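Chemist: Here it is: the structure, laid out below.
The values are calculated or read from the model by the stated rules, or taken from the named source; none is laboratory data. Here the structure is a predicted model, which is why all the values come from computation and not from measurement. Because the Cβ atoms are built from the backbone with ideal geometry, glycine has one as well, and the counts that use them run over all protein chains shown.
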Amino acid sequence: MADRLKLGLAGIGTVGGGLLRLLEAREAVLDARASRPIEVVAVSARSRRKKRSVDLSGVRFVADPVALATDPEIDVFVELIGGEEGVAKDAVEAALRAGKHVVTANKALLAHHGAALAALAEKHGAALNFEAAVAGGIPVVKVIREGLQGNDITRVYGILNGTCNYILTRMERDGRSFADVLKEAQEQGYAEADPTFDIGGFDTAHKLALLTSLAFSTRTKFDAVYVEGIETITPADIEAADDLGYRIKLLGVALRTDSGIEQRVHPTMVPKDTAIANVDGVSNCVAIDGDYVGDVMLIGPGAGGGPTASAVMSDIIDIARGGILPTFGIKAKHLRPYKKAQMRAHEGGYYIRLSVYDRSGAFAAIAQRMATHGISLESIVQRRPEADPGRKGRRGRDKATVVMVTHETTEAAVRKALAAIERDGHVDAKPQMIRIEKL
């Protein structure tokens with residue numbers, strides 16, 4: 001059997017602890033699969049004295065992750081610190097410059113610096129593997145980078161954040177408000193104390209930027225991702241979606257068009273009879289459209305110590321076997337500059353919910369505004385009148401909920417029409433707009 005593969009592990013949190021437990025529990029099997037022994041020889045963490053669920057008595061502690069990254073005793077630097085800048089970036093760069101292979105779960109780092117880090121890895125003959133950075137235990141990086149290389153991929157999309165999917169699932173099943181379910185998710189550990197990164201769509205956007213580069217061989221361009229979160233979704237939207245034959249999911253969508261690449265993250269109405277509509281709870285889902293393979297969908301756990309450690313281990317075994325692949329499937333110098341797609345009509349149309357003052361001429365004025373901006377309406381429905389004193393508008397007037405579904409149109413046209421409707425003073429609150437996606 002070949003020499004040991006010696007790991008330096010930076011970060012012993014949920015994922016790092018999971019990796020250590022996996023190595024201990026499956027040592028003989030993993031060594032056989034890797035064709036060589038795998039051993040963690042040194043670790044780095046914020047606190048050396050913190051009580052942990054794994055035994056580190058025989059492992060050397062290195063206080064500085066950057067020093068660990070260049071330690072002559074390690075072959076692979078496993079970065080599980082997180083963050084797009086700071087010590088994580090410094091350590092990864094140092095490891096690659098020293099010719100050390102890197103395995104990381106750091107989606108933010110790669111979404112912002114992926115192309116530069118890939119070039120650095122290639123310059124020094126090192127692997128830069130990141131299966132754990134996207135969709136937890138789902139092996140989507142390997143599928144795109146290796147399994148679908150013979151395909152021309154035109155679209156990749158999916159549910160990439162378990163926190164948001166859990167919240168939307170519970171809102172639908174229990175008829176509860178966003179705030180109520182978010183509080184429960186925090187109590188159960190599905191959401192952070194500050195959940196902005198998840199519910200605001202930024203976590204999904206980081207992952208989508210990586211999938212885009214893998215699928216379309218472009219440089220990562222995180223700041224080109226259009227991002228909306230789920231904070232504005234209400235039980236009324238969930239109910240309306242159900243009546244229309246849809247469910248609401250936070251999707252990340254990347255499309256290759258004739259004019260460039262389109263990347264967007266936003267709440268989306270998806271048909272109930274599609275597979276993605278039925279991915280519930282904290283699960284993730286990634287769908288890939290290829291010209292030869294057709295449609296591929298992967299569903300599984302998107303986070304957690306076990307699933308993410310499984311993904312990290314997969315990358316480590318690939319390195320142990322001697323496999324060094326280009327980070328994004330092709331050499332960094334061949335990654336194309338990112339070109340943003342031009343504005344175009346959204347094929348699925350839009351769902352719009354308005355809280356309208358119940359007065360003469362309001363509905364006609366709203367319909368006229370839509371027509372003025374070239375928006376054709378598939379349907380317009382007035383839902384349950386809200387006439388009780390506790391549910392009056394800001395000016396004390398009765399209001400009604402109006403739901404409209406448009407035919408294909410551009411987002412710019414919809415936003416201009418809604419801005420005009422707000423200026424007209426016919427609505428009590430900011431209009432809600434959700435895309436309807438044809439899958």
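Chemist: Would you say residue 292 is among the aromatic types (Phe, Trp, Tyr) and within 20 Å of residue 438 (Cα to Cα)?
Modeler: no
Chemist: Let me ask something else. Out of contact with any Gly (no Cβ under 8 Å at 6 or more places or on another chain), farther than 24 Å from residue 211 by Cα, in contact (Cβ under 8 Å) with a residue 12 or more places away in the chain and not assigned by TED's automatic domain parsing to the domain that holds residue 218, is that true of residue 52?
Modeler: no
Chemist: Looking at the structure I just gave you, is residue 353 surrounded by 16 or more Cβ atoms within 10 Å (Cβ to Cβ) and among the basic types (Lys, Arg)?
Modeler: Spelling it out, residue 353 is indeed surrounded by 16 or more Cβ atoms within 10 Å (Cβ to Cβ) and among the basic types (Lys, Arg).
Chemist: OK, next. Give me the residue from region 12-36 that is in a loop (DSSP other than H, G, I, E, B) and in contact with a strand residue (DSSP E or B) (Cβ under 7 Å, 6 or more places away or on another chain) and, out of that set, modelled with the lowest pLDDT.
Modeler: Ranking the candidates gives 12 first.
Chemist: May I ask you to say which residue of 361, 374, 323 is in the same structural domain as residue 420 (by TED's automatic domain parsing), modelled with pLDDT under 90 and out of contact with any Asp or Glu (no Cβ under 7 Å at 6 or more places or on another chain)?
Modeler: Step by step, each of 361, 374, 323 is checked, and only 361 is in the same structural domain as residue 420 (by TED's automatic domain parsing), modelled with pLDDT under 90 and out of contact with any Asp or Glu (no Cβ under 7 Å at 6 or more places or on another chain).
Chemist: Now, a different point. Does region 281-300 hold any residues that are within 18 Å of residue 246 (Cα to Cα) and at pLDDT below 95, and which are they?
Modeler: 281
Chemist: Take the residues in region 278-316 that are surrounded by fewer than 18 Cβ atoms within 10 Å (Cβ to Cβ) and of a type in the set (A, V, I, L, M, F, W, C), then tell me which one is nearest to residue 137 (Cα to Cα).
Modeler: 298
Chemist: To continue, here is another question. Would you be able to tell me the number of residues in region 1-16 that are under 23 Å from residue 81 (Cα atoms) and surrounded by fewer than 19 Cβ atoms within 10 Å (Cβ to Cβ)?
Modeler: 3
Chemist: So, in region 338-355, exactly how many residues are outside any strand (DSSP E or B) and either modelled with pLDDT of 80 or more or charged (D, E, K, R) (or both)?
Modeler: Count: 7.
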